[in-house]
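Comments concern the structure below.
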Amino acid sequence: MDKYVRLADRLKNREKVIGTTMILIKNPFLLEYMNREELDFVLFDAEHGVFDTQNVVELLQVCRLLGLPAFMRAQDCEYHLIAKAIDMGADGVMIPRTENLEQLRTAVDALLFYPEGRKGSGGHGQFRTGEAYGDFAKTRFLMPQIESPKGIEMLPRMLEEYGEYISAVMIGPYDLSIMVGTPKDIKSPQMIEAIQKIFDISNSYGKSCGIFCDNEVLAQKYRNMGCNVLWTGSDKDFYMRGYTEEMNVLAEIK
């Protein structure tokens, strides 16, 4: 079973999914080292990171050659930003600040062909080798991010109207912390309540859900709260963890 089908199955069955983020480093060789069996996807961050649909092309090509599912987090929910990412070889998209049905309609239109959506047929990396037109939608992934009280309020309606197209409901904890009134404090009572509510709503609709985790400790905490998508760490985080550890040791040498 290839990783695309495996990921689709795991999300459908709400099994544990592991993903990580590329936010600063544009190096295809790094992806080869990262491509472990247990890694389900890598996300290229065009919202807060250095990536866009032009400079990420070679990295998407490497992921395709490795058979590693690759997502783009779009700058915003705009047709051209989503459809272009898919044209260039992204296997799915994460949509920040999702709060209404219109955003999901735009995302579906940009991600999928008619009759589900309205995506145009074109693009260097749109299809995988040997992939049939009819199989396209089976392993293309949509992950809206809930990052505000309004998004939480609208989530049941979103899942009722567009649940069949949503692969997983995701949380951007730091943006959400600002919107609930505790900026950057992702462990505040307000945040824990908001996170738990998103997980509970998603689970009640039989939908996978997840959150960005700074580290494995938070990943375990959120897993215990009911999520199954452990979107953990970034290239910057991994680099700084190793760098800091080594420098601390060197500083102790007499």
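Please treat every number below as a calculation from the coordinates, not as lab data. Values in this document were obtained by computation on a predicted structure and should not be read as measured data. Every residue, glycine as well, gets a Cβ built from its backbone with ideal geometry; the counts of neighbours run over all protein chains shown.
Which whole number in µm²/s is D for the chain by Stokes-Einstein, with the Kirkwood Rh taken over Cα pairs at 4 °C and 1.567 mPa s? It would help to have the intermediate numbers written out before the result.
Working: Rh = 18.5 Å.
The diffusion coefficient I find is 70 µm²/s.
What the phi angles of segment 180-195 give under the Karplus curve with 6.51, -1.76 and 1.60, with θ = phi - 60°, is a coupling list of 8, x, 10, x, 6, 8, 7, 10, 5, x, 5, 5, 4, 5, 5, 4 Hz, glycine and proline written as x. Qualifying GluC sites (Glu not before Pro) in segment 139-234, where qualification requires a DSSP coil assignment and no more than 13 other C-beta atoms within 10 Å, comprise 164. In a fully extended conformation the segment linking residue 80 and residue 27 would gain 16.6 nm over its present Cα-Cα distance, using 0.36 nm per residue.
Grab the other residues whose beta carbon is less than 15 angstrom from that of residue 45, score K and R as +1, D and E as -1, and report the net. Don't skip to the answer; put the middle values down first.
Working: positive: 26, 73, 97, 236; negative: 47, 52, 76, 147, 175, 214, 235, 237.
Once all neighbours under 15 Å are counted, the net charge is -4.
Once fully extended, how much extra length lies between residue 132 and residue 102, figured as 0.36 nm per residue of separation less the alpha-carbon to alpha-carbon distance?
Details: separation 30, 0.36 × 30 = 10.80 nm, distance 2.92 nm.
Difference between extended and current length: 7.9 nm.
GNM remark for the chain: springs join alpha carbons under 10 Å apart, and the peak mean-square fluctuation among 187, 84, 207 falls on 187. Evaluate E = 1/(1 + (r/R0)^6) for residue 36 and residue 164, where r is the Cβ-Cβ distance and R0 equals 25 Å; express this FRET efficiency to the nearest 0.05. After rounding to 0.05, the efficiency reads 0.20. For the chain, modelled as a Gaussian network with Cα springs under 10 Å, which listed residue fluctuates most, 208, 177, 188? For the chain, modelled as a Gaussian network with Cα springs under 10 Å, the answer is 188. Taking a point 7 Å out from the Cα of residue 16 in the direction of its Cβ, the residues of segment 183-219 whose backbone N falls within less than 18 Å of it are 208-219. Between residue 54 and residue 188, the contour length at 0.36 nm per residue exceeds the Cα-Cα span by 44.4 nm. Across q = 0.11, 0.12, 0.15, 0.24 Å⁻¹, segment 170-254 modelled as identical point scatterers on its alpha-carbon atoms has Debye log10 I(q)/I(0) values of -0.38, -0.44, -0.62, -1.13, in the order of the q list.
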